[in-house]
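Before any comments, here is the structure.
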Amino acid sequence: MRNQNFIDRDKLYGMLDNNAPTESQLNDILNKARKLKGLNLEDVAKLLCVENEADIQKILDTAEYCKDEIYGRRLVLFAPIYTGNACVNNCVYCGFRRDNKALKRKILTLDEIETETLHLLRMGHKRALLICGESPRNDANYMVEAIRRCYAAKDEKGSTIRRINVELAPMSVEDYAKLKAERIGTYVCFQETYDPVEYAKFHPAGTPKADYLYRLTCMDRAQEGGINDVGIGVLFGLVDYRFEILALMEHARHLEEDYGCGPHTVSFPRIEPAEGTPFSLPENIPHPVSDKDFMKIIAIIRIAMPYTGIIISTRERPEMRDKLVKYGVSQISAASETNPGGYDEEGDNTAAKPYEKTGTTGAQFTLGDHRSLDEVISMMIDGGYIPSFCTGCYRKGRVGADFMDLAKPGLIKEFCKPNAMFTFREYLEDYASPATKEKGLRLLKELTQTFSKEELKKRVEGNLCKIGEGERDLYF
Ligand code: SF4
């Protein structure tokens, strides 16, 4: 185990004292950001202290530039499968916490996992995130079987899940090695809060999760178990968001220095109301993050860690998600259910559901975005975005440091764009509504004209044509 002490609480809070940049400092930092090489901790501390509307807008504009330069208009889609909501922990903000008697508990059988997977496939999904509470019933051996069953499921069109990421409680090196052997994509675990003092208040003693350091070092053990593709994150609302961002930067730096590769993704959930969980109600959240600050956060991370994927979930409302995509988010979940067996209860989730904060049964939190996958994709097309279900890098072994080497020179845009277009075409052929298909095909035609290299353009056209004729799973 390498250095465990990479969060210096006093230093990080100290960096936030009266640290707003002067106009020339701000311009220097943003000019540096436009070189797409990232920012250091001091730069980020200054940006986090910016409060002035006009200056925030400059940060947002810079983030939009960086996002466009690196990712183009691509946006990766996925959906979670909650395999269980039993949990031995008592995190005060979570609907799955042990003492929540209002929640109906369930651990999916392998047959039920297959059923949930089929619902995702029939919507058009190709990327799944397996997620659950921490329970001996959801241990690594169960997850191995769950992953196998999820990968094995095949719908009537022959589609399968091509990448499974997992979001699971910290484990031993041996257990991580078991997951790695099952071809997982990213291993995700959020620290929730990096503040060790406040952490103790939200994660009661006597539960496994009370051990701050064991959680903080889970990515080190994952690396030792062979997993070099990891996702980190915080739950906003617990402590000052500015501290969390600096700590997250330190975590990323630690991974890069000690293992040669920073996190593949970062995630930023905000606390949302959960059934039977009074702490999660807006009036009880200690440090709520406003929409304005949330946009600023996403923009700062986009320019500070330009090659790291930023994920947001269906916790966020559609209008907010659309703005966040512009300023930095590169992956979103869509048409999600957050209770075990939720897709089967909801059918194929293709019917439009009105946006409203409804109560939930068995769910971890309430959803802000109830749109079906087809609706999300339709709106993405209207905004000129390319919906992507691509898993090409993962399946060609371009992960971890190899992926970063590919991404850093900016190749991601030209490399990933064709693959995104291929998966988009598959979706349009197999799962889209007629209206979505019509405008999607129009967008693909326009996109094909944007390749400047004639040879690449021909290869892209060729593959798109083959997919139209029935071939599947083509990627560079
Ligand atoms: S946040 Fe995770 S560990 Fe905590 S109660 Fe919820 S499911 Fe359990």
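Read the figures in this text as sums done on the coordinates, not as results from a lab. None of these values were measured; they are calculated from a predicted model. Every residue, glycine among them, receives a Cβ derived from its backbone with ideal geometry; neighbour counts consider all protein chains shown.
What does the charge count near K209 come to, summing +1 for each Lys or Arg and -1 for each Asp or Glu among other residues with Cβ under 9 Å from its Cβ?
Numbers: positive: R215; negative: E134, E192, D211.
After counting each charged neighbour, the total is -2.
Using the membrane-span-like helix rule (whole DSSP H runs, Cα extent along the own axis of at least 30 Å, mean Kyte-Doolittle hydropathy at least 1.6), which helices of the chain qualify?
none
Modelling each spin label as a point 7 Å along the Cα-to-Cβ direction, I'd like the E145/A205 distance in nm, to one decimal.
3.7
For the chain, just give the cysteines left without a disulfide-compatible partner, judged by no other Cys Cβ under 4.7 Å.
Cysteines lacking a close Cβ partner in the chain: C49, C66, C87, C132, C150, C189, C218, C261, C390, C393, C416, C465.
Can you pick out the pairs among K323/K466; K32/K296; K32/K323; K32/K67 whose Cα atoms lie more than 26 Å from each other?
Violating the 26 Å Cα-Cα cut-off are K323/K466.
Run through the DSSP bridge list for the chain and note the antiparallel percent, rounded to the nearest 5.
Roughly 5 percent of the DSSP beta bridges within the chain come out antiparallel.
Leaving out same-chain residues fewer than 8 places away, which aspartates and glutamates sit with a Cα under 16 Å from that of K417?
Once the sequence-local aspartates and glutamates are set aside, what remains near K417 is D68, E69, E426, E446, E454, E455, E461, D473.
Over the chain, what is the relative contact order in whole percent, taking alpha-carbon pairs under 8 Å and six or more residues apart?
20
How large is the Kirkwood hydrodynamic radius of the chain, counting all unique pairs of alpha carbons, in Å?
22.7
Here is the link list: K180/K209; K178/K437; K101/K126. Which ones come out longer than 30 Å on Cα distance?
Values: K180/K209 23 Å; K178/K437 40 Å; K101/K126 35 Å.
Where the Cα-Cα span goes over 30 Å, the pairs concerned are K178/K437; K101/K126.
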